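I have placed the structure first, in the form of structure tokens, so that the comments after it can refer back to it.
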Amino acid sequence: MGHWLPRAGVAAPASRALAGCGSGTGGDAPADGAAALTGRGPITLATGKDDSGTLPEIIDRWNAGHPKERVRTVELSDSPDEHRQRMIQDAELKSGEFSVL
């Protein structure tokens, strides 16, 4: 009976994060790199290790329903320090490697 609850707990935040990608409307985008935040297209999701095994299922469902906005996941290091450093580097370099952190 309660087996859906953990999935719903992961699915809701992930769905909100993915739904916010690529809309190009609203929000305060930075002046430089703003063009990269407009329009629609592929989404690169940077994530930590998914021990639940639920994320691939969510991503597959999203990709099936949004063929022009496919999500590709990049699993960052298990080390919190390395994980944080990678996100900081991406932001400082304005590389745009990740659409969603």
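Values quoted throughout were computed directly from the atomic coordinates according to the rules given, and no laboratory measurement underlies them. Owing to the predicted nature of the structure, the values given are computational and were not obtained by experimental measurement. Don't worry about glycine lacking a Cβ; one is built from the backbone with ideal geometry, like all the others, and counts go over all protein chains shown.
General observations
- Where labels lie 7 Å past Cα in the beta-carbon direction, separation of SER77 and THR54 in nm: 2.7 nm
- Model label points for HIS66 and ILE88, set 7 angstrom from Cα along the Cα-to-Cβ axis, are 3.0 nm apart.
- Residues with amide H under 5 Å from that of ILE43, placed H, sequence gap 5 or more: ARG70, VAL71, ARG72
- 25 °C / 0.890 mPa s Stokes-Einstein diffusion coefficient of the range 41-101, Kirkwood radius on C-alpha pairs, µm²/s: 198 µm²/s
- Restricting the trypsin sites (Lys or Arg not before Pro) of the range 48-93 to loop positions (DSSP other than H, G, I, E, B) with no more than 15 neighbouring Cβ atoms within 10 Å leaves LYS49, LYS68, ARG70.
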